[in-house]
Structures are given as C-alpha cells and as structure tokens.
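Engineer: Dropping the structure in here first, questions after.
The values are calculated or read from the model by the stated rules, or taken from the named source; none is laboratory data. Computed from a prediction, not measured in an experiment: that's the story for all the values here. For neighbour counting, all protein chains shown are included, and Cβ atoms are generated from backbone atoms with ideal geometry for every residue, glycine included.
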Amino acid sequence: MKSLALGRALLTWYDANRRDLPWRTTRDPYNIWISEIMLQQTRVATVTERYQQFLLRFPTVQKLAAARESSVLAEWSGLGYYRRARNLHAAARVISREKKFPQTAESLHALPGIGRYTAAAIASIAFNEPVAVVDGNVERVLGRLHGRPLTQEKLWTAAQSLLDPARPGDFNQAMMELGATVCLPRQPQCHACPIKNICRTRGAGDFKPVRLRQQKKEITYSLTRRADSILLVRRSARETLMPAMWELPEVTAPNASDETLFSVQHSITVTNFAVRVVARNRVGTGRVARAPSPANPERWIRTSRLNTLPLTGLAKKILRTARIIQ
C-alpha cells in the first residue's frame with residue numbers, strides 16, 4: 001500500500017475539511033484526555049456541549065483531583081457509562097500526586113480508564129508521539145483499504161505502517177474524521193474520499209460490528225414532593241450499573257389512585273424504556289422497588305441541592321420535564 005501518497009492525500013483533505021471541534025484547538029493533554037474519555041460511546045454533538053461545561057467546572061487536572069467523586073459524577077450526569085467518570089477522577093489523583101502528566105502512550109496506558117486507543121490518541125495529539133490509533137472508524141477505513149476485515153493486532157500494525165511520523169496527531173484525527181464523515185458504514189461518500197484511488201473496495205463492505213437487538217421495557221417512577229424537597233433513592237455502591245447514583249423511587253406495584261404526571265422515553269445500552277412518572281403526595285403508598293435500607297436509602301433532598309448530586313441521566317430527564325431543575 002502506498003503509505004506516503006495516502007498520508008499526503010489524507011492530511012491535505014483533513015486540513016481543508018476537518019470539523020471545527022473545541023478539543024482540536026488545543027494541545028493541552030488534560031483537555032484532550034477529557035474529550036477522548038467523553039467521546040467513548042457518546043455522540044460528538046453531545047460531547048461538544050458538555051466538554052466546555054466540564055472544563056469550566058474542573059479546568060485543570062489538579063482541580064479534578066481535588067474534587068469529590070460525587071461532584072465529578074454530578075457533572076458527568078447524562079453522559080452515561082459512569083465508570084468513565086470514576087476512572088477519570090482516579091487517574092487525575094494519580095497524576096496530581098506524581099505532579100507530572102504522563103507523556104508517552106505506554107505511561108498513559110498505565111492510568112485507570114485509559115486503554116490502548118486513548119493512550120495513543122493523547123500521546124500523538126498532545127505530545128506528537130508517532131503512535132497510531134484504532135477505533136471503530138479507523139477499523140472500517142483500514143478494512144476497506146485492505147479489502148477484508150483484519151484481526152485486532154493486524155489493524156494496529158496496519159495503522160502504524162500508514163502513520164505520518166511528522167504529524168501523527170493530525171494523521172490519527174484525519175483517519176477518524178474520514179471514517180466519521182466520508183467512509184460511512186452505510187452509503188459511504190466515495191466520491192469525496194481523498195484516498196479512493198488507493199482503496200481496494202471503493203466502499204463495498206461496511207465491516208460493522210454485530211449489534212445487539214434493542215429491547216423494550218415499561219417502568220414507573222414516583223415523584224414525591226414535600227415543600228422544597230424531593231424524595232430520592234441512592235443506588236447501592238455495589239451495583240454494576242450506575243453505582244451510588246441518585247434516582248427517583250421505582251414503583252413496582254402502582255396504586256389505582258396514582259396520578260400520571262407525564263411519560264418520557266429513555267435508552268440505556270440496548271434497552272428502550274417507556275417511563276411513566278406518577279405523583280405521590282405521601283411516602284408509603286404502593287410498593288417501591290428500592291425501599292429504604294442501608295443499601296438504598298431514601299432521602300428528602302432540597303431542590304436547591306439537586307444540581308450538585310450525581311443524578312442518573314433518567315432522573316435528570318424526569319426532573320427537567322417536571323421543571324424542577326433546568
């Protein structure tokens with residue numbers, strides 16, 4: 001494969017066509033790290049908005065390290081996959097303690113929550129280390145270039161062989177940008193591809209991963225108010241999904257007297273939830289799935305404190321729909 005010609009064509013295209021994204025205006029490793037963690041399994045449009053907000057709250061790695069985990073989770077609320085935020089916080093404490101930001105992919109990979117891809121992305125973009133990245137978009141581009149799916153190790157080897165050592169960070173971003181905007185899973189825009197003359201498939205084959213079938217589920221939550229407070233439940237710290245996050249009490253046996261306030265739709269991983277929210281004027285009517293206990297304590301929380309708590313994304317959606325928070 002003509003790697004030199006590919007690199008030149010790809011970088012020329014990237015310089016002229018790359019999207020204007022806020023994390024592309026900096027070489028600060030902390031900022032790049034935050035963006036890369038947020039972009040894992042989260043849409044670019046969502047990250048674009050939340051990235052700036054997160055940096056306003058935690059502008060440096062030291063500020064992030066000094067924060068309480070609950071504050072970090074509260075700021076992360078709505079982005080999902082909360083283990084990312086916990087690992088981000090844990091890694092910030094390691095960096096702050098060692099008083100030096102790691103500058104190589106190998107040293108970055110040793111931090112909590114930083115895998116091979118993220119380590120290579122930060123090292124190449126922030127520190128110009130000539131190390132390639134492979135994500136879903138790059139995997140698809142490489143598969144089409146070679147005309148066949150590649151094993152994981154062959155993907156990394158192929159990506160490294162194409163890397164432009166003079167501009168590794170830009171090259172990596174160009175490969176990801178090409179996959180995200182031109183070399184699409186379905187209906188690839190081959191007419192706009194800067195490397196179509198080198199491609200063996202010219203868009204044939206989407207090389208997409210197998211996707212799990214979406215499931216549907218109905219669920220009911222109670223919205224119980226008292227003066228300026230809301231009744232919330234804290235999930236157990238031992239739960240695998242959203243541990244220690246705050247949510248509304250789930251109702252497993254609604255009463256006939258329950259007043260339906262509204263319904264919302266919500267998706268978590270492969271499940272689409274139809275969520276019914278009912279009014280409860282007093283505690284103890286009907287059965288609540290997570291009753292008060294040491295593991296799942298119910299608490300009256302002042303509405304003025306809600307934005308400081310690590311609420312689940314669904315809890316935020318319900319409280320916003322009820323116009324209790326913004």
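Engineer: Being of a type outside the set (Val, Ile, Thr) and without any contact (Cβ under 8 Å) to a residue 12 or more places away in the chain is the filter; apply it to segment 153-174 and report the residue that is farthest from Ser3 (Cα to Cα). Write out each step before concluding.
Structural biologist: First, pick out the residues of segment 153-174 that are of a type outside the set (Val, Ile, Thr): 153-156, 158-174.
Okay, now just the ones that are also without any contact (Cβ under 8 Å) to a residue 12 or more places away in the chain, so 153-154, 166.
Details: Glu153: 19, Lys154: 16, Ala166: 13 Å.
Ranking the candidates gives Glu153 first.
Engineer: Take the conditions in contact with a Lys or Arg (Cβ under 7 Å, 6 or more places away or on another chain), more than 30 Å from Thr321 (Cα to Cα), part of a loop (DSSP other than H, G, I, E, B) and not assigned by TED's automatic domain parsing to the domain that holds Lys316 and apply them to Pro165. Does it pass? Let's see the steps before the verdict.
Structural biologist: Working: in contact with a Lys or Arg (Cβ under 7 Å, 6 or more places away or on another chain): no; more than 30 Å from Thr321 (Cα to Cα): yes; part of a loop (DSSP other than H, G, I, E, B): yes; not assigned by TED's automatic domain parsing to the domain that holds Lys316: yes.
No: the conditions fail for Pro165.
Engineer: Search segment 281-303 for residues being of a type in the set (D, E, K, R) and over 11 Å from Pro249 (Cα atoms), and hand back the single one that is modelled with the lowest pLDDT.
Structural biologist: So, considering only residues that are of a type in the set (D, E, K, R) and over 11 Å from Pro249 (Cα atoms), the one modelled with the lowest pLDDT is Arg282.
Engineer: Considering only segment 49-110, give the helices (runs of 4 or more DSSP H) lying wholly within it that have at least 1 residues that are closer than 20 Å to Lys316 by Cα.
Structural biologist: Details: elements: 61-66, 69-76, 83-98, 105-109.
Qualifying helices (runs of 4 or more DSSP H): 69-76, 83-98.
Engineer: Can you pull out the residues in segment 111-139 that are β-branched (Val, Ile, Thr) and in a loop (DSSP other than H, G, I, E, B)?
Structural biologist: Step one: of segment 111-139, the residues β-branched (Val, Ile, Thr) are 114, 118, 122, 125, 131, 133-134, 138.
Scanning segment 111-139 gives Ile114, Val131, Val133, Val134.
Engineer: Follow-up. Just to be sure I understand, how many residues within segment 1-18 are within 18 Å of Ala180 (Cβ to Cβ) and loosely packed, with under 12 Cβ neighbours inside 10 Å?
Structural biologist: Number of matching residues: 2.
Engineer: Can you tell me which residue within segment 177-195, out of those that are surrounded by fewer than 21 Cβ atoms within 10 Å (Cβ to Cβ) and in a helix (DSSP H, G or I), is farthest from the chain's Cα centre (by Cα)?
Structural biologist: So the residue we want is His191.
Engineer: Scan (1) part of a strand (DSSP E or B); (2) at pLDDT below 90; (3) not basic (Lys, Arg) for the single condition Gly205 breaks and write down its number.
Structural biologist: Only one criterion is unmet by Gly205, namely (1).
Engineer: With respect to the numbered conditions (1) farther than 27 Å from Val61 by Cα; (2) assigned by TED's automatic domain parsing to the domain that holds Gln62; (3) without any contact (Cβ under 8 Å) to a residue 60 or more places away in the chain, which one is the sole condition not fulfilled by Gly136?
Structural biologist: Only one criterion in (1) farther than 27 Å from Val61 by Cα; (2) assigned by TED's automatic domain parsing to the domain that holds Gln62; (3) without any contact (Cβ under 8 Å) to a residue 60 or more places away in the chain is unmet by Gly136, namely (3).
Residue by residue, here is whether (1) within 22 Å of the chain's Cα centre (by Cα); (2) at pLDDT 90 or above holds:
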{"residue": "Leu241", "(1), (2)": "yes, no"}
{"residue": "Ala244", "(1), (2)": "yes, no"}
{"residue": "Pro249", "(1), (2)": "no, yes"}
{"residue": "Leu261", "(1), (2)": "no, yes"}
{"residue": "Ile268", "(1), (2)": "yes, no"}
{"residue": "Thr271", "(1), (2)": "yes, no"}
{"residue": "Arg276", "(1), (2)": "no, yes"}
{"residue": "Ala279", "(1), (2)": "no, no"}
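Engineer: Here's something else I'd like to know. Can you tell which of Phe127, Phe101 is farther than 20 Å from Leu21 by Cα, hydrophobic (A, V, I, L, M, F, W, C) and surrounded by fewer than 22 Cβ atoms within 10 Å (Cβ to Cβ)? Talk me through it step by step, then tell me what you get.
Structural biologist: Details: Phe127 fails: farther than 20 Å from Leu21 by Cα.
Exactly one residue qualifies, and that residue is Phe101.
Every residue, every condition in (1) at pLDDT below 95; (2) under 15 Å from the mean Cα position of the chain (by Cα), yes or no:
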| position | (1), (2) |
| --- | --- |
| Tyr14 | no, no |
| Ile32 | no, yes |
| Arg43 | yes, yes |
| Phe58 | no, no |
| Ala66 | no, no |
| Tyr82 | yes, yes |
| Leu88 | no, yes |
| Lys99 | yes, no |
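Engineer: Inspect segment 82-96 for any residue being out of contact with any strand residue (DSSP E or B) (no Cβ under 7 Å at 6 or more places or on another chain) and more than 19 Å from Tyr30 (Cβ to Cβ) and give the result as yes or no.
Structural biologist: Step one: of segment 82-96, the residues out of contact with any strand residue (DSSP E or B) (no Cβ under 7 Å at 6 or more places or on another chain) are 82-96.
Checking the rest, the ones that are also more than 19 Å from Tyr30 (Cβ to Cβ) come to 82-83.
Checking segment 82-96: at least one residue is out of contact with any strand residue (DSSP E or B) (no Cβ under 7 Å at 6 or more places or on another chain) and more than 19 Å from Tyr30 (Cβ to Cβ).
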